[in-house]
Structures are given as structure tokens and as C-alpha cells.
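What follows is a set of notes on a single structure, which appears directly below.
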Amino acid sequence: MNEAELIAACRSGDHRAFADLVGRYRTNAWHVCLQITGNTHDAEDALQDAVTAAWQNLHRFRGEARFNTWLHRIATNAALAVVRRRKPVDSLDADEPGIDLGHDGPRFDDQVTTSQVVLQALAALPEDFRVAIVLAEFADLPYADIAEHQGVSVATVKTRIHRARKQLATLLVPNSDALDSGN
């Protein structure tokens, strides 16, 4: 079934069609939740909240955007809600998906450290910047969809993503003073 047929079946109460529809975009929505929340536990909660909200609000889906875009918006809002109600003492989780075990390449502990550093850097960004960069880089949403989601112009989205990248580069580049002191 194509997306329109699945949506029509979902609206008539077909749970299997909804599972098929969400299944097509679940991985991208999961990555959005993970990048915003910074840990797998909160990402799981956010994704579950997002899928539940999508089912409950499917009647509100107007079809002006793709279902994928609509689901990402819900996932982003769910992840932000989880972050807002989180206790400030929460730390980042080293249990991140996608870490390659036992294959050639970076060692597991190096990958965990890198994942933690990136998640910490993302968490340090202002919320508007973090959401824009996550939707652009991890959800592969076009600038127009991100602009619609954030309620701003495409130019503002481009500025936010540019500034987010600059801030991330600053946060992720090792301190040059520490490098110089070892010489």
C-alpha cells in the first residue's frame, strides 16, 4: 500500500496499517528523539509518546506535509517534553545504538566516549539550534519543513543551523591550550 492508502486505512481504525506506516519512519523518529534527549531511556519514552500521539491525532493530519514530516514534528515535541520534565541531575547514557562491536575501526570505548562528547555538545546548544540541527542532520528534513515546524522562516532555520554547527565545532574541538602544553 502507498502512504495515502495506509493513512486512509489508519483513519478507519486499522492498527496494522498504522504499524506499517509508522514502521517506515520509526528509525528516523528514533534518531531525532535520541539526539534531542541524549539517552536511550528518554528517547524510548519520547518515541512511545510520539507514536501514541500520532495515533490519537491522526484525524488532525491534513496531508499538507508528508506523514514523515508530521511524525518528526510530533517526535521532536515529545522529546523536548521529556527533556523539560527531566531532573537536572540526569547524565548522558553510554548505551547508545549504532556502536560497532568487534569490527575493525575505532575501539568500543573510543566510540562510547565520542558519542558522549557529541551528545553533551548537542545538549549544550540552545534548544532552537539543537532542534534545527537534529532535524536537518539526523532526520534529513528539508529546511522548509524545519521552518514550518519551528514557526520561523527558512532564512532563520539556515542561520540557526549555521550557528549550531559553529557552536558544535567549538565544543568538539579539543582545547588548543591543552595541546600546546604537551609540547
Query - Highest average packing first - 150-156, 140-146, 161-167, Cβ atoms within 10 Å - result: 140-146, 161-167, 150-156
Query raised in the report: Whole-Å semi-axes of segment 25-76's equivalent ellipsoid, largest first, each the root of 5 times a Cα gyration tensor eigenvalue?
Result: 20, 11, 7
Report task. Please compute the Cα-Cα pair-distance distribution of segment 1-88 with 5 Å bins starting at 0, giving whole percents from short to long. Result -> 3, 16, 27, 23, 15, 10, 5, 1, 0
Query raised in the report: Which ³J(HN,Hα) values, rounded to whole Hz and listed in residue order, are derived for segment 22-33 from phi using the Karplus coefficients 6.51, -1.76 and 1.60 in 6.51 cos²θ - 1.76 cosθ + 1.60 with θ = phi - 60°, glycine and proline given as x?
Result: 5, x, 5, 10, 4, 4, 5, 5, 4, 5, 4, 4
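All of the numbers you see were taken from the coordinates with simple rules; none came from a lab. Nothing here was measured: the structure is a model prediction, and the numbers come from that model. Counting neighbours? That spans all protein chains shown, and the Cβs are built from the backbone with ideal geometry, glycine included.
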